[in-house]
Amino acid sequence: MQSGDKQVFQIQKSFGLELGRFRLKEGMSEIALQEAYQAMVTNHLSKQSGWCGQHLVKLSHGIFLDVAFALTEDHAKAICASWRDQPVCDAFLAFIEPISMEFGTVL
């Protein structure tokens, strides 16, 4: 569901959602964070079963969101679990201070 660097998908009812909230670690580059995020999405997450799309969102006060969509909430949880021991995911995680992670379903 990717076209170059742009993801094209329509959010549908019953899609699963992963919403990760985090801060950039002190002294880390936001541009490098974005590059690590894109590498993680392109080289690992987008290849997982049920993955539909994913976006990095910058909020105010230094807060970021990782918003991921999957076919179902169970797919979203499985994709999140697939991060473990993946070098491309570890590279992204090295940039962040996690705040929270939640899962849900689009209504």
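Quick note: the coordinates plus some simple rules give every number you see, no bench work behind them. What you are looking at is a predicted structure, and each value in this text was computed from that prediction instead of being measured. For neighbour counting, all protein chains shown are included, and Cβ atoms are generated from backbone atoms with ideal geometry for every residue, glycine included.
Before moving on, here are some points about what is shown:
- Count, lysine Cα pairs under 19 Å in the chain, 8 or more residues apart or across chains: 5
- Extension gain (nm, one decimal) between Leu107 and Ala91, 0.36 nm per residue minus Cα-Cα: 2.4 nm
- Scalar couplings 3J(HN,Hα) for the stretch 89-102, obtained by applying the Karplus form with A = 6.51, B = -1.76, C = 1.60 to θ = phi - 60°, are 6, 4, 4, 5, 4, 5, 8, 10, 10, x, 10, 7, 9, 9 Hz; x denotes Gly and Pro.
- Taking amide H as placed 1.01 Å from N in the peptide plane, Cys52 has its amide H under 5 Å from the amide H of Phe69, Ala70, Leu71, each at least 5 places away in sequence or on another chain.
- Annotation: extensible slack from Leu59 through Ser14 equals 13.6 nm (criterion: 0.36 nm per residue apart, minus Cα-Cα distance).
- Whole-Hz couplings from phi, Karplus 6.51/-1.76/1.60, listed for the stretch 69-84; x for Gly and Pro: 10, 9, 4, 9, 4, 4, 4, 4, 5, 5, 5, 4, 5, 6, 5, 3
- Restricting the stretch 22-107 to chymotrypsin sites (Phe, Trp or Tyr not before Pro) in coil, as DSSP defines it, with at most 16 other Cβ within 10 Å: Trp83
- Cα-based shape type of the stretch 14-75, given that a ≥ b ≥ c are square roots of the gyration tensor eigenvalues and the cut on a/c is 1.5: oblate
- Global form of the stretch 44-107, assessed from the alpha-carbon gyration tensor, a/c cut-off 1.5: oblate
- Within the set [x] 26, 19, 12; [y] 22, 15, 13; [z] 45, 11, 10, the number that semi-axes √(5λ) of the Cα gyration tensor in Å takes when calculated for this structure is listed as [y].
- For the residues Ala76, Ala94, Ala68, a GNM of the chain with alpha-carbon springs under 10 Å puts the largest fluctuation on Ala94.
- Note on the stretch 1-89: dipole from Cβ charges, positive end direction compared against Ser82, His44, Ser60; the farthest Cα belongs to Ser60.
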